[in-house]
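The values are calculated or read from the model by the stated rules, or taken from the named source; none is laboratory data. Just so it is clear, the structure is predicted and the values come from calculations on it, not from any experiment. Note that each Cβ is placed from the backbone with ideal geometry, even for glycine, and that neighbours are counted across all protein chains shown. Note: areas computed on protein heavy atoms with side chains; ligands, DNA, RNA excluded. Shrake-Rupley method; radii C 1.70, N 1.55, O 1.52, S 1.80 Å.
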Amino acid sequence: APRRSIDPTMSLRTWKVDFNQGSPAHLAVLAKTSGDGDVDPPGYNHSALVAANKLGLEAKDGDRQDAGDHFLKEKKAWEFAQAAIKQIGMYGFMMYMSGNSVHIFSIMMTFNGIYQPFLAISKSGETFKKFSDSEGRVNTLGPRALYCLIQLSGLGFALYKLANVGLLPTHVSDWVSAMSTPTPVEYSASA
């Protein structure tokens with residue numbers, strides 16, 4: 001069979017391995033064969049494996065998979081904690097669109113915006129339990145703290161909205177009946 005030579009005009013993305021009889025590449029592959037006749041694949045470096053075994057860097061498959069599982073669980077916990085931003089943003093937009101007037105829809109949206117963060121913070125331990133393991137190797141404290149901080153920002157926005165509607169007692173006269181109410185800044189009259 002005629003020997004194939006590599007064309008210098010070939011694209012750099014294409015590569016070929018010459019397995020023709022008698023070629024230096026074929027002899028090199030034959031020298032790398034193991035005792036049972038199997039041929040090592042091109043690019044395999046047996047000396048790197050031997051060096052890793054000598055240094056003890058070769059980990060057991062179970063240990064490698066456990067480390068990957070812990071990393072994956074912690075990554076998923078961070079993703080879950082950051083996903084709460086979308087929910088809080090949606091509630092904030094809905095409360096903004098409901099307006100500052102005292103209507104049943106705006107009140108329902110505002111109180112739901114207060115109730116949901118309280119519920120999410122109180123159940124955050126149960127929520128992040130699915131990301132932890134029995135040995136305690138997965139750190140869920142950081143994601144849980146971020147999750148609670150995001151929920152507290154949603155609660156702050158709901159309280160701000162409640163104050164703008166006028167349902168949050170923000171003046172002394174709201175608590176003490178003997179105090180005079182503040183003078184209104186503007187008046188309205190029907191035409």
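Being among the hydroxyl-bearing types (Ser, Thr, Tyr) and touching a residue at least 60 places away in the same chain (Cβ under 8 Å) is the filter here, so list the residues in region 97-131 that pass it. Ser101, the sole residue that qualifies. Note on region 100-128: residues that are within 24 Å of Asn139 (Cβ to Cβ) and surrounded by fewer than 13 Cβ atoms within 10 Å (Cβ to Cβ) amount to 4. Just need a number here: residues in region 72-97 that are surrounded by 12 or more Cβ atoms within 10 Å (Cβ to Cβ) and over 8 Å from the mean Cα position of the chain (by Cα). Counting residues in region 72-97 that are surrounded by 12 or more Cβ atoms within 10 Å (Cβ to Cβ) and over 8 Å from the mean Cα position of the chain (by Cα) gives 13. Taking the listed residues Phe131, Phe157, Phe118, Phe111, the one that is part of a loop (DSSP other than H, G, I, E, B) and closer than 22 Å to Ala84 by Cα is Phe131, with no other qualifying.
Of the residues Val138, Val185, Val176, the single one that is part of a loop (DSSP other than H, G, I, E, B) and surrounded by 10 or more Cβ atoms within 10 Å (Cβ to Cβ) is Val138. Between Leu146, Leu152, the distinction of being at negative phi, at pLDDT 90 or above and open to solvent by less than 70 Å² (accessible area, probe 1.4 Å) belongs to Leu146 only.
Okay, residues lined up against (1) modelled with pLDDT of 90 or more; (2) farther than 28 Å from Leu159 by Cβ; (3) of a type outside the set (Val, Ile, Thr):
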| site | (1), (2), (3) |
| --- | --- |
| Leu72 | no, yes, yes |
| Ala83 | yes, no, yes |
| Gln87 | no, no, yes |
| Phe93 | yes, no, yes |
| Tyr96 | no, no, yes |
| His103 | no, no, yes |
| Ile114 | yes, no, no |
| Gly136 | no, yes, yes |
